[in-house]
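The structure appears right after this line, and notes come after that.
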Amino acid sequence: MQRRGALFSVPGGGGKMAAGDLGELLVPHMPTIRVPRSGDRVYKNECAFSYDSPNSEGGLYVCMNTFLAFGREHVERHFRKTGQSVYMHLKRHMREKVRGASGGALPKRRNSKLFLDLDMDDDLNSDDYEYEDEAKLVIFPDHYEIALPNIEELPALVTIACDAVLSSKSPYRKQDPDTWENELPVSKYANNLVQLDNGVRIPPSGWKCARCDLRENLWLNLTDGSVLCGKWFFDSSGGNGHALEHYRDMGYPLAVKLGTITPDGADVYSFQEEGPVSDPHLAKHLAHFGIDMLHTQGTENGFRDNDIKLRVSEWEVIQESGTKLKPMYGPGYTGLKNLGNSCYLSSVMQAIFSIPEFQRAYVGNLPRIFDYSPLDPTQDFNTQMTKLGHGLLSGQYSKPPVKSELIEQVMKEEHKPQQNGISPRMFKAFVSKSHPEFSSNRQQDAQEFFLHLVNLVERNRIGSENPSDVFRFLVEERIQCCQTRKVRYTERVDYLMQLPVAMEAATNKDELIAYELMRREAETNRRPLPELVRAKIPFSACLQAFAEPDNVDDFWSSALQAKSAGVKTSRFASFPEYLVVQIKKFTFGLDWVPRKFDVSIDMPDLLDISHLRARGLQPGEEELPDISPPIVIPDDSKDRLMNQLIDPSDIDESSVMQLAEMGFPLEACRKAVYFTGNTGAEVAFNWIIVHMEEPDFAEPLAIPGYGGAGASAFGATGLDNQPPEEIVAIITAMGFQRSQAVQALQATNHNLERALDWIFSHPEFEEDSDFVIEMENNANANIMSEAKPEGPRVKDGSGMYELFAFISHMGTSTMSGHYVCHIKKEGRWVIYNDHKVCASERPPKDLGYMYFYRRIPS
């Protein structure tokens, strides 16, 4: 055991203490040392406040009471706040193997079981590097160090606790199989799978079961290349179970579902293990049968996107493949590792933290946010936003290789391990919890995640500052009745401009018509599809479609049960500081099959929407009477809550599934059925059409009093972050100051139990009087605003904008494919492709999905 005079200095000398001395040293701290229980999360991979890990220079400190981890820069903060003294210090040392007879060889790995289940270093070449793992107990504030393992000298409880921490599983693996955190188990057959050298090559299309005529629900056996039908897994589209029969006959264990193969993976099933599995060598196993996984995208109809030549080009153009891109390093040039279909989150967060208001709100308030974080900072939105923002902007995790390493790489043509971006795993775990879509491991819509994030920012406002206000604007909608010519003006708050794709304005209509005829013929005759023709749409036509859409057509009039068709026009009642434009590329056909418009739109670098300023009621216009709107819809949800509240557990699931099969988000379908009182799918469908553009459309159903996601036992949390008075009264009744109660609740998202923990962990509350006054004044202002509404918060200004970022999507659906972000920094475009950050050579501005514009001061 060693004692250090100052933390993190080089350990000095010192004699070895006897076992009794160690036990005596630990006696005062024994009540604070816990053995992890089954429900505890043990964080061994990263710091709660930063992206430090056991690989970092200072290693990682795991609290032996809370099992939270802290880097060298933040462990003292946790000690001062909680008084917890005993931490386990984890450090992984990495060195190159010594090659050649003269140099000898290092041991392959020492203490190999210390860091069991450490999810890191997967990008390092194990043939080139050796690891030495080190663990020790550190006792604060004197910084005593006790090397581990030390079974003979440590008390039994301490030894058991240390062993449990070292052998604990990843905190992101839950029991719920539907959550993204539960990674599929690796098949025990994957590493040594036998593949027959029988010359089988799988064609890109035209698949059929080898034992029957089925052309759907087909599975490729990874041992002999047999294509056979199935019916036991993933869907109920029918099948004769020939894939399972083949396994029983031959014993070949693994199969992959055709049509699901993408660069991100595929659906793999193990007959022997009776469940879905992951295959880390899937690309190699598919290549055995002539399938290039990295250039394949799955489709529903059995055709790969490889058959559509231009669709592959979409991937190449957007990712700027074939161009030698220069890597970028330093502050603002840090990538985000892909956790498995998490590129939608990465792209949105890169764009968000390129906005100064978000940088100031979180990274600019880093000391205050971290100091006032709850006892478990992993469960606090503002803490995790600040952590992510600092990780992206500090440059601490984006450092270029030194010159000697660069020269060596060029000479050896090999890649040396460098900082490979930061992992947003802790951030994603928090922002997606209780959300059925974002908590899954499936691809999601970047636009829906953007609105979800805005909602979280609104609900977790820091004092009076709300950075999401930069996106807020008012839309004036004008509806004119086609029969009476009377009008109605309404206003609503929005956060993005949804721009329709004006396909009728395509400048290459003849090419599109010719392609459609050839495509239909090819599908009928099961031949490869022709080269896809991308529609070229003028931006001006899309802008016109937004401002003045066509009359309600016959199909939608019938679907919406419209009494009288009307013409709706939209104008800006205010212009936001930052304008987010979404190109509505994704839609549903009349058969409710999702589809994506493959279009090229000449998005401008400078955008002027001044002519879309709202004008209000014009001379000569007559307002419609204040009765029900032209479209007949069910009672408003609030009235139904007051008059006919049903138990959420009584929701008609059959109606929910009918709507979900049409392609609507599951939670939106549940809300539609709930708010229409279980009156059937048709009425619920009308509710969806009316509410589908609302920011919280796909958010989980939250009913005050039922404790659902997003609900509070004392009522729903307001967007102004004002704590409910009922909870404030409970805390003040315990003898605490009102200002203390308000601050604690605002710091813990209005959670009563966490707020009490926060109060007890902040005895220095009165010292930061300025912050207290700010929080109290904000709370009082919110109370006054309830009595006298001040209207929506908007930052109106000119309608002139400049493009500074855009997010592009590759693939056929929002539920598949890949997202990439381009951002203009320091006068040049930069591409953010997961962990790779490079200077852009040809930014594909015409193929974007979401565009971010900043207002040009007038």
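Within the range 647-665, the set of residues being in a helix (DSSP H, G or I) and either touching a helix residue (DSSP H, G or I) at 6+ places or on another chain (Cβ under 6 Å) or open to solvent by 50 Å² or more (accessible area, probe 1.4 Å) (or both) comprises SER649, ASP650, GLU653, SER654, SER655, VAL656, MET657, GLN658, LEU659, ALA660. Every condition in (1) aromatic (Phe, Trp, Tyr); (2) open to solvent by less than 10 Å² (accessible area, probe 1.4 Å); (3) over 22 Å from the mean Cα position of the chain (by Cα) is met by TYR372 except one, and the failing one is (2).
Of everything in the range 666-694 that is open to solvent by 30 Å² or more (accessible area, probe 1.4 Å), touching a helix residue (DSSP H, G or I) at 6+ places or on another chain (Cβ under 8 Å) and outside any helix (DSSP H, G or I), the residue that is modelled with the lowest pLDDT is MET692. Of all residues in the range 729-745, none satisfies the criterion of being under 21 Å from PRO367 (Cβ atoms) and modelled with pLDDT under 75.
Against the definition (of a type in the set (S, T, N, Q), modelled with pLDDT of 80 or more and open to solvent by 70 Å² or more (accessible area, probe 1.4 Å)), how does GLN618 come out, yes or no? Criteria not met by GLN618. From the list SER354, SER347, the one residue that fits, being assigned to a helix (DSSP H, G or I), modelled with pLDDT of 95 or more and out of contact with any Gly (no Cβ under 6 Å at 6 or more places or on another chain), is SER347. For the residues VAL470, VAL457, VAL475, the requirement of being part of a strand (DSSP E or B) and open to solvent by less than 10 Å² (accessible area, probe 1.4 Å) singles out VAL475.
Quick check on the range 773-786. Is at least one of its residues modelled with pLDDT under 75, over 30 Å from ASP598 (Cβ atoms), hydroxyl-bearing (Ser, Thr, Tyr) and not in a loop (DSSP other than H, G, I, E, B)? Yes, the range 773-786 contains a residue that is modelled with pLDDT under 75, over 30 Å from ASP598 (Cβ atoms), hydroxyl-bearing (Ser, Thr, Tyr) and not in a loop (DSSP other than H, G, I, E, B). Taken together, GLY199, GLY225 contain a single residue that is open to solvent by 20 Å² or more (accessible area, probe 1.4 Å), at pLDDT 85 or above and in the same structural domain as GLY241 (by the TED database), which is GLY199.
Across the range 312-338, the number of residues qualifying as open to solvent by less than 30 Å² (accessible area, probe 1.4 Å), in a loop (DSSP other than H, G, I, E, B) and in contact with a helix residue (DSSP H, G or I) (Cβ under 7 Å, 6 or more places away or on another chain) comes to 2.
Within the range 256-278, the set of residues being under 11 Å from PRO185 (Cβ atoms) and part of a loop (DSSP other than H, G, I, E, B) comprises just one member, GLU273. Please find, within the range 139-152, the residue that is surrounded by the fewest Cβ atoms within 10 Å (Cβ to Cβ) out of those that are out of contact with any helix residue (DSSP H, G or I) (no Cβ under 7 Å at 6 or more places or on another chain) and more than 14 Å from PRO28 (Cα to Cα). Checking each candidate, the answer is ALA147. Here the range 811-833 is the region considered, the condition is being of a type in the set (A, V, I, L, M) and buried (at least 22 other Cβ atoms within 10 Å of the Cβ), and the residue that is farthest from PRO331 (Cα to Cα) is VAL820.
Every residue, every condition in (1) modelled with pLDDT of 85 or more; (2) assigned to a loop (DSSP other than H, G, I, E, B), yes or no:
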| position | (1), (2) |
| --- | --- |
| ASP127 | no, yes |
| VAL138 | yes, no |
| GLU153 | no, yes |
| ALA164 | yes, no |
| SER170 | no, yes |
| ALA190 | yes, yes |
| LEU214 | no, yes |
| ASP235 | no, yes |
| GLY239 | no, yes |
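Conditions (1) modelled with pLDDT of 85 or more; (2) over 26 Å from SER354 (Cβ atoms); (3) among the basic types (Lys, Arg), marked per residue:
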| site | (1), (2), (3) |
| --- | --- |
| GLU477 | yes, yes, no |
| GLN480 | no, yes, no |
| GLN483 | no, yes, no |
| THR490 | yes, yes, no |
| GLN498 | yes, no, no |
| GLU504 | no, yes, no |
| ASN508 | yes, yes, no |
| ALA514 | no, yes, no |
| ASN525 | no, yes, no |
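Just to be sure before I move on: is THR484 outside any strand (DSSP E or B), surrounded by fewer than 17 Cβ atoms within 10 Å (Cβ to Cβ) and of a type in the set (Ser, Thr, Tyr) in the structure I sent? Criteria met by THR484.
Rundown of residues vs (1) in contact with a helix residue (DSSP H, G or I) (Cβ under 9 Å, 6 or more places away or on another chain); (2) surrounded by fewer than 19 Cβ atoms within 10 Å (Cβ to Cβ); (3) not in a loop (DSSP other than H, G, I, E, B), yes/no style:
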residue: PRO31; (1), (2), (3): no, yes, yes
residue: PRO36; (1), (2), (3): yes, yes, no
residue: ALA48; (1), (2), (3): yes, no, no
residue: TYR51; (1), (2), (3): yes, no, no
residue: ASN55; (1), (2), (3): no, no, no
residue: TYR61; (1), (2), (3): yes, no, yes
residue: PHE67; (1), (2), (3): yes, no, no
residue: PHE70; (1), (2), (3): yes, no, yes
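The values are calculated or read from the model by the stated rules, or taken from the named source; none is laboratory data. Fair warning: this is a prediction, and the values are worked out from it, not measured in the lab. When we count neighbours, we look across all protein chains shown, and the Cβ atoms used for this are built from the backbone with ideal geometry, even at glycine. All accessible areas refer to the heavy atoms of the entire protein, side chains included, with ligands and DNA or RNA removed. Shrake-Rupley method; radii C 1.70, N 1.55, O 1.52, S 1.80 Å.
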